[in-house]
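Visitor: First the structure, then my questions, so here it is.
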Amino acid sequence: MVVRDNVERHQFVLRTPSPVAPEPTDRRRFSLPTDAAVRIETGRIGLAANTVVCVRDEAGSMLAQVDQQGREELGAGTYSIELFGAVKTYLRADGPLTVDARPFETVLSFEDPQPVSVGARSSHESPAATITTTDDPLDVMAAVSAFGSALKTTSVERSYPTLRGHPPLLELGDELAVPEALDVPETGVRIELPPTLRHVFVATPLAYYLGARLVPGDAPRLVAESGFGHDFDGPHGFEEAVARALKRTFFLDCVVRTEGIYDVPLHERQTVESRTDIEVKELYDASLDERLSAYFEIPYERIADLLPEWKLTTHVAPRADNIELLPFVTNDLAVVRTPSGTEVHHSAVQAAVVDDFLRDDADAADTVRSAGATTPSETYVKPSSTDSVEQAWISDGTPVGASKTTPAAYRNRLRREPTEGDIGITVVCNDPEMLAETDIVDEVYGSRDGLSFDVDAHYDLSGAALRETLAEPTDFLHYIGHIDDDGFQCRDGKVDADTLDTVGTGAFFLNACQSYDQGLALVEAGAIGGIVTFSEVINSQAVGVGRTLARLLNGGFPLQASLEVVRIDSDVAHQYGVVGDGGLSVVQTESGVAVLCEVFDKVDGQFDVSYRAFNTSRAGIGSLIRPALTDSMPYYLSSSGVSNTELTEDELREFLALEQIPVIYDDTVYWDYEFLA
C-alpha cells in the first residue's frame, strides 16, 4: 500500500503480507489533523528502516517511541500510532501490538488480522487569506503584524516545522485591509522599529515567529509587556542583531520543547544545560515574555556553536515591488539582509572557464556547450558571506553562489497542483556529441527502491517537438545540448523560452552554456526552480557535473544543496547556479533529511566519520534526526553536524548499507556503493 502526497510528490510505502483493499473511513477517528483516511485489514505492516514510530493511548499520552533498533510490546487497548515517514501518516488499531525496529525494516505486528485505520496529511501549506497594504511602511508594519495568525501554536512547539503555517499573502493596493477572519495571537510582544521598509523587511521573520506586532519607534527594540526589552542597535549592527535574536529564540525553544509531546534525549539540550543554568522544566510552562527574558540572559557566545546551521539567508532589496514577497521569505524562516556583495565582471567568469579548460585532461578538441553565444557585458554579484546553507538574492544583478529568486518562483511553488501517478523525469539530449551524459537515464534516474518513476527520454528534437515537451507536465527536466542568446538549439532552429506560454516542469537542470537567462524564462513560464550555467562549460567537465547532480537530485537533495556538494570536487561547479526556489527537491530523501558523510582514515582499521544533514521540504528547520552511526546516538536538530565519530570498517559498512548517500573521501565525492567498492 502506498500513501502519496500528490502536491509535494512524496510517497510512503506500507508493506503488508498480502494485498489490501482500502476503504474510505472517517477522518475524525484521528486526534491529529488528516487530509484523507482509509481502513484496511492486516496483521502486519512493514516500514522503511529507521522510521520513527510513536504509540499513544486514546488520551494522547505517549506509551512508546521506537527508532533505529528497538522493540516494544503493548497489550490490549486502542492505540494511536504516529509514523514519521515520507508522508505524515497515522494508524489507529487495537492491541496487542508489537513494534520491532530491525536493521533494514521496522515491523508493526498485531495478534490477528484486524481493521486498521490509516490517515495521512500533506505537508503542503496554503495561506489562509490575503492582506492588502499600501507601500507606506506603517501599513506594511500593520500587515506583517498579522503574520502570526499562521502559527498553529505560540508555545515552544512552534519550533516544529509542521506547526508553523504559511503567512497570509500580501497584495499592494490603495489602502490597508486585514481580513477580520485572521486570528492574530495576543502575545504581548512587540518590535519597535523606525518606519522604513529596510527595518520592516529585516524584522518580519522574527515578528512572525514570535507572533509579535511591529510598531513605530525611534530605535529598533524587542519589547514584552512584562518589561523585558532588548536593543537591536548593538555592536553587531541591526541586521545581525535581529538574525541572532531569531536564531537564539528558535534554538532555545527547540531545547525547551523536549519537556513536551516528544520527550527525547536531545544533544543540544544536554550541552546547553552543562554550560548554563537554564531551567528547562520551568520554562516549558512559562509565558512567552518570561521565556524571552530567560533566553536573552544567556550570553550568545555560550550557545553560538550549538545553533543549527540556518537553512536560508535571503538578500532582499527594500523596495515597494518586493513587499508582496515577504510572506514567502517568512515561510522559509529566512534570515533577511539588505543586499550587499562584491561585483564580479563577466570577463572574470569567462577567464575561469579558460583556466578550467587548460587544466582539463580531455583532448584539445573537446567541445564547448555553446552554439556561438555572445559574451554579455553584465556584472555578476557575489553576495556577502553568511553562515546559512543556502542564499537567495532578490535584487538587481546576477548572483554567484546564491539563488536568483523571483516572485514567479514563489507563486509557482504555492500554486503547485496535485498530480497522481509516478514521479515524472524528462531527459532531452539535443546534440549527438553529448550522448555520453544520457546514460544517466538508465543508471541514475528512477533507480530508487520504493519510489515509482516514469522516465521519458527525447533525442535531437525539432523546435516544435521541444515546445511540446516543455509544456508537458513533469516533475523534473534534464536538458543536455546547446543554448545561446536566441534560446535552445534544435535540429531545425531555436526555441526561446521567453516565447513559451506555459512550462509543465516543476524543476529543471539546463546543462548547456549560458543557460541562465533561459532558466529564468522557464521560471516565469511556470517552473519553480532549476540549475543553470553562467557561461561556457567544457563538454567533458559538464558530463561529470551532470552525472553527480543527477545522483544528488535523484537522492532527494534540494537544488542549492546539490550544487554545494558538487563544488567539493569539481573545478567547474562555480559556473553553475540556481534560479527560482533553491530549496526545491525533485524527490523525497529516504530518511527525511539529505545526508552527506565525510570519512577520514585512522590507524588500526578505524575511521573518523562526520555526518551532515540538509533540511528538505519534508524535514524543515526544527526537525529532529538521530544519526544511525552508533546505537547510543542521541537526537540532534536536523541541520546540526555530527563530527568525529569513530567506526570500525564493519560498522561503517553497516551504516552505509542503510541508505544511498554521498560520501566525501580524500576531497572527492563518491556514492556509498562506489566508496565501499
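The values are calculated or read from the model by the stated rules, or taken from the named source; none is laboratory data. Everything numeric here is computed off the predicted structure, so don't read it as measured data. Note that we place each Cβ from the backbone using ideal geometry, even for glycine, and neighbour counts take in every protein chain shown. Heads up: the accessible areas ignore ligands, DNA and RNA and are worked out on the full protein's heavy atoms, side chains in. Shrake-Rupley method; radii C 1.70, N 1.55, O 1.52, S 1.80 Å.
Visitor: Can you tell me the dipole magnitude for the chain around its Cα centre, using point charges on the Cβ only (Lys, Arg +1; Asp, Glu -1), in Debye to the nearest 20?
Guide: 1540 debye
Visitor: At S385 and E443, where each label point lies 7 Å from the Cα along Cα→Cβ, what is the point-to-point distance in nanometres?
Guide: Once both label points are built, they end up 3.4 nm from each other.
Visitor: About its Cα centre, what dipole magnitude does region 250-315 give when the only charges are +1 on Lys and Arg Cβ and -1 on Asp and Glu Cβ, stated in debye to the nearest 20?
Guide: Dipole size: approximately 240 debye.
Visitor: What FRET efficiency would be calculated for the residue pair L63, K602, taking the C-beta separation as r and a Förster radius of 45 Å, to the nearest 0.05? Intermediate values should be presented prior to the final figure.
Guide: Working: r = 42 Å, r/R0 = 0.92.
Efficiency, rounded to the nearest 0.05: 0.60.
Visitor: If amide H atoms are built 1.01 Å from N in the plane of the peptide, which residues on other chains or at least 5 residues away come under 5 Å of the amide H of A392?
Guide: It is T313, T314, H315, S403, by chain and number.
Visitor: Would you give the gap between the C-alpha center of region 165-232 and the C-alpha center of region 389-455, rounded to a whole Å?
Guide: 36 Å
Visitor: What relative contact order, as a whole-number percentage, does the chain give when Cα pairs under 8 Å and 6 or more residues apart are counted?
Guide: Relative contact order comes out at 10 percent.
Visitor: Output the relative contact order of region 182-332, whole-number percent, from Cα pairs under 8 angstrom with separation of 6+ residues.
Guide: For region 182-332, the relative contact order is 24 percent.
Visitor: For percent of Cα pairs over 32 Å apart, pick the label among (i) 59; (ii) 53; (iii) 65 that corresponds to the value derived from the coordinates.
Guide: Answer label, from the structure shown: (ii).
Visitor: Dipole magnitude of region 384-532 about its Cα centre, charges +1 at Lys/Arg Cβ and -1 at Asp/Glu Cβ only, in debye to the nearest 20?
Guide: On the way: 9 positive and 28 negative charges, 117 e Å.
In total the dipole reaches around 560 debye.
Visitor: Next question. Within region 459-516, which trypsin sites (Lys or Arg not before Pro) sit in a loop by DSSP and count at most 14 neighbouring Cβ atoms inside 10 Å?
Guide: Passing both the DSSP loop test and the Cβ count: R491.
Visitor: Can you list which of the trypsin sites (Lys or Arg not before Pro) found in region 512-592 are DSSP loop residues with at most 11 other C-beta atoms within 10 Å?
Guide: Here no trypsin sites (Lys or Arg not before Pro) fit, given the DSSP loop and packing criteria.
Visitor: Now for a separate question. Return the Cα extents of region 464-577 along principal axes one, two and three, sorted largest first, each rounded to a whole Å.
Guide: That works out to 38, 27, 19 Å along the principal axes.
Visitor: May I ask you to order 647-659, 475-487, 192-204 by the average number of other C-beta atoms within 10 Å around their residues, highest value first? Present the calculation step by step, with values, prior to reporting the outcome.
Guide: Details: 647-659: 15.8, 475-487: 23.2, 192-204: 21.5.
So the order, starting with the most tightly packed, is 475-487, 192-204, 647-659.
Visitor: Can you give me the Cα centroid spacing of region 499-541 and region 287-325 in angstrom?
Guide: Taking the Cα centre of each part, region 499-541 and region 287-325 sit 33 Å apart.
Visitor: Run the 1.4 Å probe and let me know the accessible area of L74, rounded to the nearest 10 Å².
Guide: Solvent-accessible area, nearest 10 Å²: 30 Å².
Visitor: Along region 33-50, what does the Karplus equation 6.51 cos²θ - 1.76 cosθ + 1.60 (θ = phi - 60°) give for ³J(HN,Hα), rounded to whole Hz, x for Gly and Pro?
Guide: The phi angles translate into x, 9, 8, 7, 8, 9, 10, 10, 10, 7, x, 7, 10, x, 10, 4, 4, 6 Hz.
Visitor: If I ignore ligands, DNA and RNA and count only protein heavy atoms, how much of E343 is accessible to a 1.4 Å probe, in Å² to the nearest 10?
Guide: 140 Å²
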